[in-house]
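**Q** Here you go, one structure.
The values are calculated or read from the model by the stated rules, or taken from the named source; none is laboratory data. What you see is a predicted model, and the numbers here were worked out from it, not measured in a lab. As a convention, Cβ positions derive from the backbone with ideal geometry for all residues, glycine included, and neighbour counts pool all protein chains shown.
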Amino acid sequence: MAIDEKKLEELFSQYPAKVKRNRKKHLIIKDSAEARQEIEANTRTIPGIITNRGCAYAGCKGVVLGPLKDMIHIVHGPIGCGYYAWLTRRNKAESEDPERNFLSYCFSTDMQESDIVFGGEKKLAKMIDEVMETFSPNAITISATCPVGLIGDDLGAVAKAAEEKHGISVLSFNCEGYKGVSQSAGHHIANNILMDRVIGKGELEEAEGKFPINILGEYNIGGDSWVIEKLLEEIGYTVISVMTGDGSYEELKNAHVAELNLVQCHRSINYIAEMLETKYGTPWLKVNFIGVQGTIDSLRNMAIYFGDPELIKKTEEVIAREVAQIEPVMEQYKKICQGKTAFCFVGGSRGHHYQGLFAELGIETVLAGYEFAHRDDYEGREIIPDIKLDADTKNIPDLHVEQDQRRFKLKVSPERLEALKKEIPLSDYKGMNVEMKDGHIIVDDLNHYETEEFIKLLKPDIFASGIKDKYVVQKMGIPAKQLHSYDYSGPYAGFKGAVKFAEDVAMGFATPTWNFITPPWKNKPILEGTIEEG
Ligand code: CFN
Ligand code: HCA
């Protein structure tokens with residue numbers, strides 16, 4: 001069934017008038033005849049609506065800082081907040097020295113009522129002393145949760161005193177959960193401070209190794225960045241740092257020597273990409289290592305950037321070998337998947353990134369969206385250049401990026417850089433809307449009511465999203481694939497990852513489980529009041 005304005009009107013008619021007016025702006029039916037379709041994004045969720053979004057603390061500590069393995073990440077707040085950023089995201093990491101990998105620990109000041117009444121600064125300072133005594137890390141982060149901002153604990157002062165006492169870096173992040181409208185505000189806070197206090201502080205003046213790059217916005221969920229790194233290193237690149245999957249404080253300090261920054265997740269890390277370009281002149285390239293074609297295009301664009309004949313040759317060799325290996329297996333899974341439809345609703349980039357991989361399996365994405373992305377993630381950056389005016393930055397102190405004297409010479413001449421910009425989309429990003437097909441739905445901050453109604457109307461064969469709606473969806477008889485945590489599976493990136501994804505999705509379709517579930521619409525009327533068989 002195609003969705004038209006009438007159907008949408010019926011769906012929205014269940015809302016009070018004000019809510020209806022609001023939600024309508026967060027949804028579009030793709031129509032390529034329109035030059036530009038605007039979608040409202042990055043605004044407050046209506047109170048009372050069940051959203052999948054997280055908070056600023058989740059975005060700062062859970063997403064950007066959390067994967068940095070050689071730092072100790074202290075959560076100043078109640079224990080529950082710490083627990084929910086304790087590797088539930090499946091950001092994997094390995095260290096040569098396992099004693100320097102602190103990710104499996106959960107550090108929280110475990111604030112109690114008395115700390116709320118009398119203040120928690122002393123408890124935090126004591127915790128830092130204990131952490132130093134037991135683990136002696138090179139650097140510590142402190143993340144604020146909601147109550148910290150409410151009672152006014154001064155994290156900056158505690159961090160400064162601890163730095164003087166212990167002689168290490170102690171970075172404090174005022175990422176109280178209530179800041180901004182979603183986890184997106186937390187990404188921005190983390191980006192600013194990492195740029196201000198870590199990146200560029202290393203000793204390296206120049207990279208050791210050829211074709212030095214950083215991989216930005218890749219968090220090694222289920223091992224994704226290991227797959228990407230292996231591929232890139234085989235081709236001949238030197239990976240200086242990954243931000244921040246399996247990443248480390250020590251690597252990050254030298255990230256400024258890279259000659260190209262790859263941006264996998266634009267939403268969470270575009271701020272650092274921009275700041276690196278402003279401060280060091282390093283351009284960034286949007287990549288997508290999810291899906292076979294996405295991986296091929298990303299590798300080719302990188303090779304064009306460096307323009308080295310050997311690198312280009314090796315790139316093509318690796319592509320040919322990998323494609324030949326996976327094609328026959330992909331074909332098998334395609335037989336099971338062909339002709340099916342998907343909903344793809346994930347945080348701030350995967351709602352878009354996985355559509356190509358679905359298409360390669362013959363699965364069409366009929367509804368997609370982001371929990372918290374901004375308009376440029378939907379509509380593209382070249383159309384919306386004023387991204388710095390985003391609402392979620394309102395509460396964030398405008399951290400200035402220290403302008404030191406050090407400048408790194410670009411390896412490509414300004415003329416070559418201009419030419420490259422015409423050849424490949426450097427420092428640019430085409431949003432989700434470009435790739436969706438006409439008649440399909442793009443929806444921002446989808447909520448549980450809309451999830452259920454759209455499922456009844458469109459009856460997708462698979463719903464890709466997260467833990468918060470997975471089981472509701474499965475009880476409706478539809479396989480749900482978690483694209484946040486990969487359901488304990490992965491890696492899904494690169495060529496071999498595509499095969500793993502195909503296997504998992506095909507398994508989801510083929511399991512006999514669905515024969516034992518009666519979807520609710522088989523017995524209950526849908527919105528129009530008719531019973532539909534589907
Ligand atoms: S790993 Fe990333 S890819 S960082 Fe971001 S926008 Fe979250 S934690 Mo969940 S899976 Fe998701 Fe993206 Fe970037 Fe992950 S789509 S919501 S904040 N996200
Ligand atoms: C977060 C983390 C999360 C949640 C996943 C989910 C993740 O939003 O704070 O809702 O399934 O990827 O772990 O996005």
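**Q** Of the numbered conditions (1) more than 30 Å from Ala58 (Cα to Cα); (2) assigned to a helix (DSSP H, G or I), Gly339 fails exactly one; give the number of that condition.
**A** (2)
**Q** Moving on. Quick test for you: out of Ala502, Ala480, pick the one residue that is among the small types (Gly, Ala, Ser), more than 10 Å from ligand 2 (Cβ to nearest atom) and in contact (Cβ under 8 Å) with a residue 60 or more places away in the chain.
**A** Details: Ala480 fails: in contact (Cβ under 8 Å) with a residue 60 or more places away in the chain.
Matching residue, one of Ala502, Ala480: Ala502.
**Q** Need the failing condition index for Ile240 against (1) within 16 Å of ligand 2 (Cβ to nearest atom); (2) farther than 30 Å from Lys481 by Cα, just the number.
**A** Of the numbered conditions (1) within 16 Å of ligand 2 (Cβ to nearest atom); (2) farther than 30 Å from Lys481 by Cα, the odd one out for Ile240 is (1).
**Q** For the stretch 251-265, give me each residue that is away from ligand 2 (no atom under 16 Å from the Cβ), in contact with a Lys or Arg (Cβ under 9 Å, 6 or more places away or on another chain) and in contact (Cβ under 8 Å) with a residue 60 or more places away in the chain.
**A** Leu252, His256, Glu259, Val263
Residue-wise test of (1) aliphatic (A, V, I, L, M); (2) assigned to a strand (DSSP E or B); (3) under 19 Å from Leu357 (Cα atoms); (4) within 23 Å of the chain's Cα centre (by Cα).
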| position | (1), (2), (3), (4) |
| --- | --- |
| Tyr449 | no, no, no, no |
| Pro460 | no, no, yes, no |
| Ala464 | yes, yes, yes, yes |
| Lys470 | no, no, no, yes |
| Val473 | yes, no, no, yes |
| Lys481 | no, yes, yes, yes |
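**Q** Additional query: Cβ contacts < 6 Å: first residue in contact (Cβ under 8 Å) with a residue 12 or more places away in the chain, restricted to the stretch 218-234; second residue among the charged types (D, E, K, R), any location; separation 6+ or different chain. Result?
**A** Asn220/Lys92; Asn220/Asp246; Ile221/Arg90; Gly222/Arg90; Gly223/Lys92; Ser225/Glu218; Ser225/Asp246
**Q** Return yes or no: is Lys313 among the basic types (Lys, Arg), in a helix (DSSP H, G or I) and within 30 Å of Pro414 (Cα to Cα)? Break it down stepwise before answering.
**A** Working: among the basic types (Lys, Arg): yes; in a helix (DSSP H, G or I): yes; within 30 Å of Pro414 (Cα to Cα): yes.
Criteria met by Lys313.
**Q** Could you tell me how many of the residues in the stretch 40-79 are more than 10 Å from ligand 2 (Cβ to nearest atom) and assigned to a loop (DSSP other than H, G, I, E, B)?
**A** Matching residues across the stretch 40-79 total 17.
**Q** Residues in the stretch 13-31: is at least one among the acidic types (Asp, Glu), free of Cβ contacts under 8 Å to residues at least 60 places away in the same chain, assigned to a loop (DSSP other than H, G, I, E, B) and away from ligand 1 (no atom under 16 Å from the Cβ)? Step through it out loud before you land on a result.
**A** First, pick out the residues of the stretch 13-31 that are among the acidic types (Asp, Glu): 31.
Now narrow it down to the ones that are free of Cβ contacts under 8 Å to residues at least 60 places away in the same chain: none.
There is no residue in the stretch 13-31 that is among the acidic types (Asp, Glu), free of Cβ contacts under 8 Å to residues at least 60 places away in the same chain, assigned to a loop (DSSP other than H, G, I, E, B) and away from ligand 1 (no atom under 16 Å from the Cβ).
**Q** Which pairs turn up if I take residues in the stretch 443-470 that are farther than 13 Å from Ile50 by Cβ and look for partners that are in a helix (DSSP H, G or I) and at pLDDT below 95 with beta carbon separation below 6 Å, at least 6 apart in sequence or on another chain?
**A** Between residues of the stretch 443-470 that are farther than 13 Å from Ile50 by Cβ and residues that are in a helix (DSSP H, G or I) and at pLDDT below 95, the close pairs are Lys456/Trp521.
**Q** Kindly indicate the residue of the stretch 85-99 that is surrounded by 13 or more Cβ atoms within 10 Å (Cβ to Cβ) and either of a type in the set (Ser, Thr, Tyr) or at pLDDT 95 or above (or both) and also nearest to ligand 1 (Cβ to nearest atom) among those meeting that condition.
**A** Arg89
**Q** Within the stretch 160-189, count every residue that is more than 10 Å from Ala56 (Cβ to Cβ) and crowded, with 22+ Cβ neighbours inside 10 Å.
**A** Number satisfying all stated conditions: 4.
**Q** Would you say Gly62 is over 21 Å from Tyr449 (Cα atoms) and within 16 Å of ligand 1 (Cβ to nearest atom)? Explain how you work it out, then say what you get.
**A** On the way: over 21 Å from Tyr449 (Cα atoms): yes; within 16 Å of ligand 1 (Cβ to nearest atom): yes.
Yes: the conditions hold for Gly62.
**Q** Only one of these conditions is not met by Asp224: (1) among the charged types (D, E, K, R); (2) within 16 Å of ligand 1 (Cβ to nearest atom); (3) under 23 Å from Tyr280 (Cα atoms). Which number is it?
**A** Exception for Asp224: condition (3).
**Q** Just give me the residues in the stretch 218-253 being in a loop (DSSP other than H, G, I, E, B) and acidic (Asp, Glu), in sequence order.
**A** Result: Asp246, single match.
**Q** Let me ask something else. Give all pairs with beta carbons closer than 6 Å in which a residue from the stretch 336-355 that is free of Cβ contacts under 8 Å to residues at least 12 places away in the same chain and closer than 19 Å to Lys470 by Cβ meets a residue that is part of a helix (DSSP H, G or I) and more than 7 Å from ligand 1 (Cβ to nearest atom); count only pairs at least 6 apart in sequence or on separate chains.
**A** Between residues of the stretch 336-355 that are free of Cβ contacts under 8 Å to residues at least 12 places away in the same chain and closer than 19 Å to Lys470 by Cβ and residues that are part of a helix (DSSP H, G or I) and more than 7 Å from ligand 1 (Cβ to nearest atom), there is no close pair.
**Q** Which of the residues that make up the stretch 441-461 are away from ligand 2 (no atom under 16 Å from the Cβ) and crowded, with 21+ Cβ neighbours inside 10 Å?
**A** Across the stretch 441-461, the qualifying residues are Ile441, Ile442, Val443, Glu450, Phe454, Ile455, Leu457, Pro460.
**Q** What's the number of the only condition in (1) in a helix (DSSP H, G or I); (2) of a type in the set (A, V, I, L, M, F, W, C); (3) away from ligand 1 (no atom under 14 Å from the Cβ) that Leu285 fails to meet?
**A** Answer for Leu285: the failing condition is (1).
**Q** Among the residues in the stretch 84-102, are any over 20 Å from the mean Cα position of the chain (by Cα), more than 16 Å from ligand 2 (Cβ to nearest atom), in a helix (DSSP H, G or I) and basic (Lys, Arg)?
**A** yes
**Q** Which of the numbered conditions does Asp4 fail, given that it passes all the others? Conditions: (1) within 15 Å of ligand 2 (Cβ to nearest atom); (2) exposed (fewer than 13 other Cβ atoms within 10 Å of the Cβ); (3) in contact (Cβ under 8 Å) with a residue 24 or more places away in the chain.
**A** The single condition Asp4 does not satisfy is (1).
**Q** Among the residues of the stretch 41-59, which ones are more than 14 Å from ligand 1 (Cβ to nearest atom), touching a helix residue (DSSP H, G or I) at 6+ places or on another chain (Cβ under 8 Å) and either in contact (Cβ under 8 Å) with a residue 60 or more places away in the chain or basic (Lys, Arg) (or both)?
**A** Answer for the stretch 41-59, where residues must be more than 14 Å from ligand 1 (Cβ to nearest atom), touching a helix residue (DSSP H, G or I) at 6+ places or on another chain (Cβ under 8 Å) and either in contact (Cβ under 8 Å) with a residue 60 or more places away in the chain or basic (Lys, Arg) (or both): Thr43, Ile49, Ile50.
**Q** Would you be able to tell me the number of residues in the stretch 159-214 that are hydroxyl-bearing (Ser, Thr, Tyr) and assigned to a loop (DSSP other than H, G, I, E, B)? Show your work before the answer.
**A** Filtering the stretch 159-214 down to residues hydroxyl-bearing (Ser, Thr, Tyr) leaves 169, 172, 178, 182, 184.
Still in the running and assigned to a loop (DSSP other than H, G, I, E, B): 178, 182.
Qualifying residue count, the stretch 159-214: 2.
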